[in-house]
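The values are calculated or read from the model by the stated rules, or taken from the named source; none is laboratory data. Since the model is a prediction, treat every value here as computed from it, not as a measurement. In this analysis, Cβ positions are derived from the backbone assuming ideal geometry, glycine residues included, and neighbour counts consider all displayed protein chains. SASA here: full protein model, heavy atoms, side chains in, ligands and nucleic acids out. Shrake-Rupley method; radii C 1.70, N 1.55, O 1.52, S 1.80 Å.
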Amino acid sequence: DGTNSRAQAWRFTEMSLRTPAGSVCAFKRVLEVPGGYDIAARCTAEGPPADDTLKLRFAESARALLFESDLIADAGLVRCR
């Protein structure tokens, strides 16, 4: 389809997240929960920095990661190749 997959990639590190839309989150606390992680984070999305809880859940059957947040649009992510 001609899109640059790198430009569309969500980038996770041990302590942060950066989305293709320009949202940035710094992780304050990562808690392992059944099926994934809950992450207390300070995020800058379409406004000033604010506290948020990011919910990451593994959807193994779909080989995906489900992302939920109050400040950033929910998404279903698949691993880059």
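Of note, C25 satisfies the criterion of being surrounded by 16 or more Cβ atoms within 10 Å (Cβ to Cβ) and touching a residue at least 24 places away in the same chain (Cβ under 8 Å). Number of residues in the stretch 32-46 that are open to solvent by 30 Å² or more (accessible area, probe 1.4 Å), more than 21 Å from A64 (Cβ to Cβ) and either of a type in the set (G, A, S) or at pLDDT 95 or above (or both) equals 3. For the stretch 54-65, the condition of being open to solvent by 90 Å² or more (accessible area, probe 1.4 Å) and modelled with pLDDT of 95 or more holds for none of the residues. Of the residues contained in the stretch 69-76, one or more are found to be of a type outside the set (S, T, Y), at pLDDT below 95 and touching a helix residue (DSSP H, G or I) at 6+ places or on another chain (Cβ under 8 Å). Could you tell me whether D38 is assigned to a strand (DSSP E or B), in contact (Cβ under 8 Å) with a residue 24 or more places away in the chain and charged (D, E, K, R)? In short, no.
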